[in-house]
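Just so you know, all these numbers are worked out from the coordinates, no wet-lab data involved. Everything numeric in this text was worked out from a predicted model, so none of it was measured. Every residue, glycine as well, gets a Cβ built from its backbone with ideal geometry; the counts of neighbours run over all protein chains shown.
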Amino acid sequence: MCGIVGYTGPRQAYPVILKGLKRLEYRGYDSSGVALLKDGSISVYKKKGKVADLEESMIGKNIDAQIGIGHTRWATHGEPSDRNAHPHSSSSGKLAMIHNGIIENYAQIKQELQKKGYKFLSDTDTEVLLNFIEDIYLNNDDCSLEEALRIALKRVSGAYCILLIEQDNPDTIIAARKGSPLVIGIGKGEHFLASDASPIIEYTKEVVYVNDYELAIVKPDELILKNLGNEKITPYITKLDMELAAIEKGGYEHFMLKEIFEQPSTIFDCLRGRLDAKEGLIKMSGVDNNIEQLINANRIIILACGTSWHAGLVAEYIIEEICRIPVEVEYASEFRYRNPIVNKGDVIIAISQSGETADTLVALEKAKENGAFIFGVVNAVGSSIARISDAGAYTHAGPEIGVASTKAFTGQLAVLMMIALSIAKHKKTITDDRYSALVLELDQVPEKVQAILKNADELKAVAEKYKNASDFLFLGRGYNFPIALEGALKLKEISYIHAEGYPAAEMKHGPIALVDEKLPVVFIATKDLYHEKIVSNMQEIKARKGKIISIITEGDTATAELSNDYFAIPPADELIAPILTVVPLQLLSYYVGTLKGIDVDKPRNLAKSVTVE
Ligand code: M6R
């Protein structure tokens with residue numbers, strides 16, 4: 001969480017930083033600020049609220065500077081407020097710093113500094129780290145700032161990406177990372193620093209991804225990378241494969257809506273070059289190059305959080321069905337703290353949109369230590385999870401900016417389906433006919449999603465009808481049970497309505513007590529193996545006067561008649577159906593959220609990339 005931006009070069013720094021913060025706002029938006037360095041003096045401006053509030057508060061201020069750092073915050077230590085916003089200034093006022101991450105042993109360091117007479121103006125761990133650096137810097141003869149930073153970082157535990165400027169160093173930003181991302185854009189006589197490439201893409205496509213335990217000394221025409229042992233490292237320059245249009249709203253009211261509507265093309269991009277429907281073939285280098293490891297896996301453990309975890313649950317059903325390999329799906333946050341049994345023959349599939357989720361990352365490090373083979377299903381190219389994986393497949397959904405994950409989820413489902421099919425084919429646990437039929441079905445998904453999106457207005461009408469409900473229940477069976485969970489999560493996130501997802505059959509073991517004439521119950525009731533069963537569950541809700549909203553297969557009039565409202569989707573094989581059934585649920589949440597006046601791209605308390613545990 002938190003987004004950071006820095007600039008040093010010939011341009012005015014403030015507009016570059018402000019624009020960058022707006023692009024990074026998905027990472028946190030409870031307060032923001034900038035520090036600008038000019039003529040040996042650092043000016044810090046910060047404001048509670050969104051970046052737009054900062055921008056407004058800056059009107060009339062002197063923003064003339066060619067070096068600066070900026071931050072948009074998701075609070076960890078200290079409530080969202082002007083004083084807890086970043087950048088923070090050191091006691092002497094000589095240094096300013098921004099930080100993304102958590103310093104876990106800050107309390108002890110704070111006490112030590114307080115004993116030395118340091119006073120703190122904020123409740124943040126960042127201000128503690130900054131003064132700790134300054135204390136080392138000012139109280140050790142001949143100690144450079146860079147050296148002081150290195151000493152301080154060796155003492156702290158936790159996660160950080162920091163950018164530091166010094167009033168007497170007119171063109172240098174010092175940066176360091178451990179556990180929180182940092183990308184440096186290389187321009188002509190200028191450098192850009194940011195949490196991801198979105199603030200940089202407009203100026204240069206050449207970037208360096210800084211690794212953990214690395215320090216960067218960044219001047220307009222020089223980039224020095226070092227490790228904490230003060231040894232120089234040659235920066236590895238990567239070319240960004242991303243266009244500016246991909247991170248702009250393109251005429252849509254919200255990123256979330258744009259991303260929902262992008263799904264026909266993002267799923268197509270995900271399949272392109274991998275799935276050849278004519279030949280009935282799937283080629284994925286990450287899978288093909290490691291096929292022995294995958295088909296001989298004793299067990300597959302899927303690690304993920306949130307929506308990505310739901311994709312993992314769908315994958316569990318599919319992999320066990322067609323590959324006959326036992327699968328366990330774990331919340332990464334639980335896995336990392338318990339004492340899991342991981343053996344050499346186990347394959348870990350890590351699923352993550354951002355590739356930076358701290359819990360998933362640490363869980364993978366743990367699994368790796370135990371000798372597991374890690375296969376990453378990641379959206380953000382070059383991210384930490386992509387890099388820690390032994391092999392993987394990108395989802396190719398493009399940058400996802402809306403906090404609620406939509407296109408990344410359908411991309412994950414498409415990739416996981418292709419992985420399962422490839423393993424099954426090699427393992428010979430699927431018949432040729434079934435394999436070809438599923439390949440063909442997968443190929444038709446973009447078209448079917450397009451057909452669903454054409455009728456989006458029907459869901460707006462449903463949303464209008466139920467937007468004032470205080471609770472929702474989402475029910476599904478089999479492959480669509482995880483979609484019920486996902487539907488409930490989406491609605492909670494962006495409408496603040498309490499929602500629960502359940503396997504439909506579990507309803508009678510408790511949740512049915514919630515049902516009355518006010519409760520909307522969303523059924524995912526497409527034609528599949530469980531259809532008759534779920535229709536019985538619908539009857540049970542109807543008998544108790546619950547309001548039934550159903551996602552059904554086109555032409556299923558019987559189920560439509562049972563429902564108060566329904567949305568029909570094109571027919572699909574039950575293994576493929578989740579990629580389709582989730583789309584109306586995304587739209588339903590979007591419309592409920594927006595009709596309630598919520599900023600769905602930045603719902604309260606959330607951040608896109610959860611880089612703290
Ligand atoms: O980037 P990741 O896929 O690792 O993120 C995992 C979750 O934080 C994420 O899916 C979250 O639940 C979304 N806000 C859901 O819409």
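In the range 540-613, which trypsin sites (Lys or Arg not before Pro) fall in coil by DSSP and have 13 or fewer other Cβ atoms within 10 Å?
Filter output for the range 540-613: 545, 604.
For the range 281-352 and the range 552-581, what is the separation of their C-alpha centers, rounded to whole Å?
Centre-to-centre (Cα) distance: 29 Å.
Mind scanning 258/608; 448/518; 48/239; 50/407; 518/608; 19/460 and naming the pairs with a C-alpha gap bigger than 27 Å?
Pairs exceeding 27 Å: 448/518; 48/239; 518/608; 19/460.
Apply the Karplus curve 6.51 cos²θ - 1.76 cosθ + 1.60, θ = phi - 60°, to the phi angles in the range 373-385 and return the couplings in whole Hz, x for Gly and Pro.
8, 10, 10, x, 10, 10, 9, 7, 5, x, 6, 4, 5
Out of all DSSP beta bridges with both ends in the chain, state the antiparallel percent to the nearest 5.
Just about 60 percent of them are antiparallel.
Taking H placed 1.01 Å from N in the peptide plane, check which residues at least 5 places from residue 373 or on another chain put their amide H under 5 Å from its amide H.
346, 348
Determine which lysines satisfy two conditions relative to residue 119: a Cα distance under 17 Å, and not lying fewer than 8 residues away in the same chain.
Counting by Cα, and skipping residues close in sequence, residue 119 has these lysines nearby: 94, 110.
For the residue pair residue 514 and residue 238, what label-to-label distance in nm results when each label sits 7 Å from Cα along the Cα-to-beta-carbon direction?
If labels sit at residue 514 and residue 238, their model points lie 4.0 nm apart.
Which whole-number percent is the relative contact order of the range 453-602 (Cα, under 8 Å, 6+ apart)?
Value for the range 453-602: 31 percent.
Compute the convex hull volume of the Cα atoms of the range 59-113, divide it by the residue count, and report the result per residue in Å³ as a whole number.
Taking the convex hull of the Cα positions in the range 59-113, it is 123 Å³ per residue.
Could you list the trypsin sites (Lys or Arg not before Pro) in the range 306-380 that lie in coil according to DSSP, counting only those with at most 14 other Cβ atoms within 10 Å of their Cβ?
Here the sparse-neighbourhood loop sites are 324, 338, 344.
In the neighborhood of residue 281, defined by Cβ-to-Cβ distances under 13 Å, what is the net charge if each Lys or Arg adds +1 and each Asp or Glu adds -1?
-1
Contact order normalised by length for the chain, with contacts defined as Cα pairs under 8 Å and 6 or more residues apart; what percent is it?
Once normalised by length, the contact order is 12 percent.
Sketch the reach of a paramagnetic label on residue 604 as a point 7 Å from Cα along Cα-to-Cβ, and name the residues of the range 11-41 whose backbone nitrogen lies under 14 Å away.
Counting only backbone N, you get 30.
Indicate the gyration tensor shape class of the range 131-209 (rounded, prolate or oblate), computed on the Cα atoms with a ≥ b ≥ c the square roots of the eigenvalues: a/c under 1.5 is rounded; otherwise a/b larger than b/c is prolate and the rest oblate.
oblate
Kindly provide log₁₀ I(q)/I(0) values, in the same order as q = 0.08, 0.12 Å⁻¹, from the Debye equation applied to equal alpha-carbon scatterers of the chain.
With one equal scatterer per Cα and no solvent, log10 I(q)/I(0) is -0.59, -1.19.
Read phi for every residue in the range 273-282 and hand back ³J(HN,Hα) as whole Hz from Karplus 6.51 cos²θ - 1.76 cosθ + 1.60, θ = phi - 60°, with x for Gly and Pro.
Values per residue, Gly and Pro as x: x, 10, 9, 10, 5, 4, 7, x, 10, 10 Hz.
Which length gain, in nm to one decimal place, applies between residue 596 and residue 227 when the Cα-Cα distance is subtracted from 0.36 nm times their residue separation?
127.9 nm
Could you give me D for the range 492-562, from Stokes-Einstein at 20 °C and 1.002 mPa s, where the hydrodynamic radius is the Kirkwood radius over C-alpha pairs? Units µm² s⁻¹, please.
D, rounded to a whole number, is 168 µm²/s.
Under 12 Å between alpha carbons, and skipping anything fewer than 8 positions from residue 547 in its own chain: which aspartates and glutamates qualify?
Excluding near neighbours in sequence, the set is 471, 516, 517, 565.
Of the listed pairs 22/596; 116/226; 205/492; 226/368; 46/602; 46/490, which have alpha-carbon separations greater than 27 Å here?
116/226; 205/492; 46/490
Once you have the Kirkwood Rh of the range 453-602 from its Cα pairs, apply Stokes-Einstein at 25 °C and 0.890 mPa s and quote D in µm²/s.
Diffusion coefficient, whole number: 165 µm²/s.
Identify the residues of the range 363-396 with backbone N under 18 Å of a label point that sits 7 angstrom from the Cα of residue 338 along the Cα-to-Cβ direction, or state none.
363-368, 370
Using Cβ counts within 10 Å as a stand-in for footprinting exposure, how do 275, 182, 163, 225 rank, fewest first?
225, 275, 182, 163
Specify the inter-centroid distance of the range 399-445 and the range 91-116, based on alpha-carbon positions, in whole Å.
Cα centroid of the range 399-445 versus Cα centroid of the range 91-116: 48 Å apart.
Can you tally the net charge around residue 32? Count Lys and Arg as +1, Asp and Glu as -1, for every other residue whose Cβ sits under 13 Å from the Cβ of residue 32.
Cβ neighbours under 13 Å give a net charge of +4.
So, how do all the Cα-to-Cα distances of the range 249-443 break down into 10 Å bins, in percent, from 0 on up?
With a bin width of 10 Å, the distribution comes to 10, 38, 36, 14, 2.
Using Cα pairs under 8 angstrom and six or more residues apart, how large is the relative contact order of the range 513-613, in percent?
22 percent
Can you list, largest first and rounded to whole Å, the semi-axes you get for the range 100-160 by taking the square root of 5 times each eigenvalue of its Cα gyration tensor?
18, 15, 9
Remind me, what semi-axes does the range 168-260 give for its equivalent ellipsoid, largest first in whole Å, using sqrt of 5 times each Cα gyration tensor eigenvalue?
29, 15, 12
Can you give the % of DSSP beta bridges in the range 249-443 that are antiparallel, to the nearest 5?
Given both bridge residues lie in the range 249-443, the antiparallel proportion sits at roughly 10 percent.
Which of the trypsin sites (Lys or Arg not before Pro) found in the range 78-134 are in a DSSP loop and have at most 14 neighbouring Cβ atoms, other than their own, within 10 Å?
Qualifying residues, ordered by number: 116, 119.
Count charges around residue 371 for me, please; just the other residues with Cβ under 9 Å from its Cβ, Lys/Arg as +1, Asp/Glu as -1.
0
Remind me, what semi-axes does the range 3-246 give for its equivalent ellipsoid, largest first in whole Å, using sqrt of 5 times each Cα gyration tensor eigenvalue?
Result for the range 3-246: semi-axes of 25, 21, 17 Å.
Let me know the charge dipole size of the chain about its Cα centre in debye, to the nearest 20, where only the beta-carbon of Lys, Arg (+1) and Asp, Glu (-1) is charged.
Rounded to the nearest 20 debye, it is 560 debye.
Taking the number of other C-beta atoms within 10 Å as the exposure measure, put 58, 256 in order starting with the fewest.
By the 10 Å Cβ count, ascending: 58, 256.
Tell me which of 285, 302, 378 sits at the most positive position along the dipole axis of the range 249-443, charges placed on C-beta atoms (Lys, Arg +1; Asp, Glu -1).
Checking the options against the dipole of the range 249-443, the answer is 285.
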